[in-house]
Amino acid sequence: MGKIKRSLAAIAVLAVLILVGVATLVWQTGYSISEMDWDSDGETSLAELWRAIDVGRRSAKRDGVYCQEFFNLKDGLPIRVDCPESTAKK
């Protein structure tokens with residue numbers, strides 16, 4: 001019985017360490033959890049949080065307006081561009 005408890009405790013500690021590690025990586029991205037909603041469904045899933053580790057943010061000028069562009073770190077290709085709503089085309 002003691003081995004089972006120790007094994008479960010070790011698994012729990014490992015799970016907590018993994019969660020803390022992922023949370024730290026996501027926190028260091030420099031943008032909010034709501035900005036990590038890559039598919040724009042209104043909710044940020046765990047998969048989207050994980051993907052945020054490989055995503056950067058930079059300023060980009062679009063039609064004379066400065067916007068925030070989110071891009072893949074591996075190739076620099078844009079994922080999404082967020083511009084101020086007052087400049088959105090109607």
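A short reminder: the numbers here are calculations on the coordinates, not readings from a lab. The shown structure was predicted, so the numbers you read here are calculated from the model rather than taken from an experiment. Don't worry about glycine lacking a Cβ; one is built from the backbone with ideal geometry, like all the others, and counts go over all protein chains shown.
Pick out the one residue from Ser34, Ser7, Ser40 that is over 17 Å from the mean Cα position of the chain (by Cα) and polar (S, T, N, Q). Before you say what the answer is, go through the steps one by one.
Values: Ser34 fails: over 17 Å from the mean Cα position of the chain (by Cα); Ser40 fails: over 17 Å from the mean Cα position of the chain (by Cα).
None of the other options fit; the residue is Ser7.
Based on what the data block shows, is Leu46 exposed (fewer than 10 other Cβ atoms within 10 Å of the Cβ), of a type in the set (A, V, I, L, M) and within 30 Å of Val81 (Cα to Cα)? Before you say what the answer is, go through the steps one by one.
Numbers: exposed (fewer than 10 other Cβ atoms within 10 Å of the Cβ): yes; of a type in the set (A, V, I, L, M): yes; within 30 Å of Val81 (Cα to Cα): yes.
In short, yes.
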